[in-house]
Ligand SMILES: NC(=O)C1=CN([C@@H]2O[C@H](COP(=O)(O)OP(=O)(O)OC[C@H]3O[C@@H](n4cnc5c(N)ncnc54)[C@H](OP(=O)(O)O)[C@@H]3O)[C@@H](O)[C@H]2O)C=CC1
Ligand SMILES: O=C(O)CCC(=O)C(=O)O
Ligand SMILES: [Mg+2]
């Protein structure tokens with residue numbers, strides 16, 4: 001039993017970080033009487049960049065490599081981590097962050113987009129560690145348990161969010177490849193013994209190029225080899241662009257360039273190039289000489305042509321516009337600002353963008369700011385099909401009704417960089433035609449081989465045996481505790497999932513499943529089965545691999561609750577600790593913009609409140625700290641009251657925002673603590689605070705409201721000024737004083 005139980009609180013980026021600045025003082029104050037320590041760990045993109053370049057910084061500027069430290073912590077049994085959503089940076093966001101840090105006096109090197117020297121290559125490799133989804137895979141040393149807590153689901157039932165109407169005549173649909181994609185030629189095997197393998201390309205010209213010299217594999221591990229054909233992808237895009245034009249629906253592309261940070265920017269770039277084909281053919285050499293990489297989106301192109309002589313730039317712009325003339329209309333990210341789906345590869349992230357489209361009745365915004373029917377292009381067919389199944393269902397049954405629909409929690413295979421989301425260091429764009437082999441290093445035996453062509457994307461995925469066992473156990477536990485049926489979404493026609501099915505069947509026998517309803521279904525059937533139940537108000541646990549975990553934990557919360565930010569998201573770490581994530585919702589740039597322009601933060605910290613309650617409960621159970629358990633129980637009760645009394649933040653400036661919502665949470669929490677009878681000492685301790693906050697309620701709310709409506713300065717975006725942020729996020733002198741005198 002630890003004498004000094006500790007919760008590690010992550011500091012991340014954008015809206016979640018702003019909210020944390022207001023919430024942390026409350027957390028530290030409330031947990032102190034229970035003897036709990038709250039430590040901070042800065043894993044913001046700015047801190048992660050700075051940690052890469054200690055030699056460029058003065059001793060005062062240097063920061064520890066908090067992410068690596070935290071990664072190690074996840075392997076310790078007493079880990080208790082609250083993890084807020086962080087930026088998974090695009091190249092554009094990375095360069096903007098570097099620029100801001102340089103302007104603040106940090107002597108960082110520029111990002112070398114096209115490195116020539118060894119030194120530049122080394123710099124690029126360091127920056128590569130800060131791009132895309134580079135936090136979650138390090139910390140997620142456990143599988144995923146995400147669900148809508150009962151109080152939140154009840155709230156959504158009583159206060160349903162808006163849902164767009166679906167028409168049976170809707171032409172909205174999903175388009176995916178039917179050949180030449182990863183699904184098409186996938187190979188998979190379970191290792192009989194531990195091996196070391198390499199990934200190599202044997203070219204048609206007889207050369208052997210080693211792409212990955214060594215991957216150490218464990219016995220029982222499942223590995224896959226799969227590739228996407230460039231030719232098939234281009235032909236697919238050509239056809240879909242043509243079809244959208246002929247049928248008059250918006251063209252939209254949905255990828256996950258953040259998580260799939262190697263493959264999806266390439267998949268995205270091919271689409272943009274195909275769309276603007278003639279302009280790229282005409283200006284290709286110039287674009288290359290300017291270092292334009294369309295995998296980073298049209299924003300990069302427009303930035304890089306900005307300094308060309310006006311006549312040359314205008315000619316390019318004319319040629320780009322000429323392409324648009326005979327191309328379909330594009331779905332917009334921000335129609336007011338003219339930002340299209342092609343602006344940046346991470347503006348449209350499939351896990352959130354497809355549910356948003358489905359929630360809106362199968363529509364996305366066109367350039368005129370109106371909602372329109374859409375062709376949703378999701379090239380890879382493996383998982384795209386589930387969305388078409390949802391569309392089919394909505395067209396037939398109409399939109400789901402949040403007042404009556406069932407809930408779909410998820411148990412997701414995620415630990416130890418499982419499946420596709422761990423494949424970045426084993427993903428390659430093929431340089432010339434040949435055979436791509438996974439070869440045993442010791443024996444030279446070729447385990448799996450694929451015929452590939454230049455430009456194809458080839459990857460190897462892994463999933464270790466222990467995470468699979470843990471995942472099956474978690475599924476059985478959740479089914480038992482919830483009384484819901486659980487469905488493993490596994491497709492026997494997909495080689496990888498077929499290997500998984502064998503293991504699932506074996507490991508289910510390790511558990512008492514009597515009285516439980518556990519089934520295995522292919523994805524499309526599982527979706528249909530689940531939706532039939534959802535529409536009848538019945539609940540069903542989805543037990544899925546890593547990508548479907550990501551997709552379904554935005555899809556169902558967005559349909560059921562209006563946002564995934566209100567979901568409980570737990571990672572029971574395999575080493576015994578726990579990580580408590582705040583929903584699946586990411587950071588929201590437009591929330592920061594609203595704060596800076598109008599001093600109103602619409603971000604809802606509900607996910608943070610829910611996560612903290614489970615973190616406290618877990619800490620109480622594991623360390624025998626009864627006060628922590630009471631803190632957890634009363635926090636949950638306070639969160640319930642917050643919902644019942646409608647004290648969540650409003651999106652509108654001039655109304656209660658994140659700070660006001662946090663005040664109410666604090667007041668209710670103090671009141672619940674004062675009222676409980678399990679621990680008289682705690683009750684007595686919190687009684688004066690509860691009384692004071694209630695007495696000052698009007699005054700505090702007034703202080704929090706009156707600051708709104710004017711611009712504020714937080715001293716930066718990626719690395720805001722701590723003191724300025726604190727001042728902005730804690731503007732009520734009365735509330736601050738009450739907390740301080742309590743803590744004293
Ligand atoms: N766990 C993690 O670390 C995750 C990180 N990300 C990262 O976050 C960034 C943005 O991702 P994106 O896919 O656009 O998704 P987001 O979840 O940031 O946002 C989509 C929209 O959902 C609404 N929303 C989400 N959370 C909240 C909240 N707590 N309170 C109020 N509204 C909320 C906002 O809509 P509105 O403005 O209309 O209110 C927001 O604009 C990317 O860098 C991505 O990689 C994404 C997912 C998870
Ligand atoms: O790590 C990321 O970029 C996003 C994570 C995410 O979308 C999720 O876990 O649901
Ligand atoms: Mg997600």
Exercise. Across segment 304-335, which residue is modelled with the highest pLDDT among those that are assigned to a loop (DSSP other than H, G, I, E, B) and within 16 Å of ligand 1 (Cβ to nearest atom)?
Worked result: 331
Exercise. Only one of these conditions is not met by residue 224: (1) surrounded by fewer than 18 Cβ atoms within 10 Å (Cβ to Cβ); (2) in contact with a helix residue (DSSP H, G or I) (Cβ under 7 Å, 6 or more places away or on another chain); (3) not in a helix (DSSP H, G or I). Which number is it?
Worked result: (1)
Exercise. Out of (1) away from ligand 1 (no atom under 16 Å from the Cβ); (2) over 24 Å from residue 420 (Cβ atoms), the odd one out for residue 542 is which?
Worked result: (2)
For this session: May I ask you to list the residues in segment 190-208 that are within 28 Å of residue 500 (Cβ to Cβ) and either touching a helix residue (DSSP H, G or I) at 6+ places or on another chain (Cβ under 6 Å) or in a loop (DSSP other than H, G, I, E, B) (or both)?
Result: 190, 191, 192, 193, 194
For this session: Report whether or not residue 139 is closer than 30 Å to residue 474 by Cβ, crowded, with 20+ Cβ neighbours inside 10 Å and modelled with pLDDT of 95 or more.
Result: yes
Exercise. Can you find a residue in segment 454-468 that is assigned to a helix (DSSP H, G or I) and over 20 Å from residue 411 (Cα atoms)?
Worked result: no
For this session: Please enumerate the residues belonging to segment 2-34 that are assigned to a loop (DSSP other than H, G, I, E, B), touching a helix residue (DSSP H, G or I) at 6+ places or on another chain (Cβ under 7 Å) and under 19 Å from residue 632 (Cα atoms).
Result: 2, 5
Exercise. Is it true that some residue in segment 673-683 is within 30 Å of residue 160 (Cβ to Cβ) and in contact with a helix residue (DSSP H, G or I) (Cβ under 6 Å, 6 or more places away or on another chain)?
Worked result: no
Problem set entry | Tally of residues being within 14 Å of ligand 2 (Cβ to nearest atom), touching a strand residue (DSSP E or B) at 6+ places or on another chain (Cβ under 6 Å) and on the phi < 0 side of the Ramachandran plot across segment 563-583 | 8
Seminar exercise, completed: Of the residues in segment 451-474, those that are under 23 Å from residue 193 (Cα atoms) and more than 31 Å from the chain's Cα centre (by Cα) come to none
For this session: Determine whether residue 713 is more than 34 Å from the chain's Cα centre (by Cα) and in a loop (DSSP other than H, G, I, E, B).
Result: no
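Matching residues to (1) closer than 30 Å to residue 548 by Cα; (2) under 17 Å from the mean Cα position of the chain (by Cα):
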{"site": "83", "(1), (2)": "yes, yes"}
{"site": "99", "(1), (2)": "no, no"}
{"site": "105", "(1), (2)": "no, no"}
{"site": "121", "(1), (2)": "no, no"}
{"site": "128", "(1), (2)": "yes, no"}
Exercise. Out of curiosity, is residue 634 more than 25 Å from residue 136 (Cα to Cα), in contact (Cβ under 8 Å) with a residue 40 or more places away in the chain and more than 16 Å from ligand 1 (Cβ to nearest atom)?
Worked result: yes
For this session: Take residue 72 and decide whether it is part of a helix (DSSP H, G or I) and either within 16 Å of ligand 3 (Cβ to nearest atom) or touching a helix residue (DSSP H, G or I) at 6+ places or on another chain (Cβ under 6 Å) (or both).
Result: no
For this session: Scan segment 142-175 residue by residue and report those that are closer than 27 Å to residue 479 by Cα and either assigned to a helix (DSSP H, G or I) or without any contact (Cβ under 8 Å) to a residue 40 or more places away in the chain (or both).
Result: 150, 151, 152, 153, 154, 155, 156, 157, 158
Seminar exercise, completed: residue 596 meets each of (1) within 16 Å of ligand 3 (Cβ to nearest atom); (2) outside any loop (DSSP other than H, G, I, E, B) with one exception, condition (1)
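One line per residue, one yes/no per condition, for (1) touching a helix residue (DSSP H, G or I) at 6+ places or on another chain (Cβ under 9 Å); (2) assigned to a helix (DSSP H, G or I):
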position: 286; (1), (2): yes, yes
position: 291; (1), (2): yes, no
position: 299; (1), (2): yes, yes
position: 302; (1), (2): yes, yes
position: 337; (1), (2): no, no
position: 342; (1), (2): yes, no
position: 351; (1), (2): yes, yes
position: 354; (1), (2): yes, yes
position: 361; (1), (2): yes, no
Exercise. Which of (1) at pLDDT below 95; (2) in a loop (DSSP other than H, G, I, E, B); (3) within 30 Å of residue 232 (Cβ to Cβ) does residue 116 not meet, given it meets every other one?
Worked result: (3)
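The values are calculated or read from the model by the stated rules, or taken from the named source; none is laboratory data. Predicted model, so just to flag it, every value in this text is computed and none were measured. All Cβ positions, even for glycine, are placed from backbone atoms using ideal geometry, and neighbour counts span all protein chains on display.
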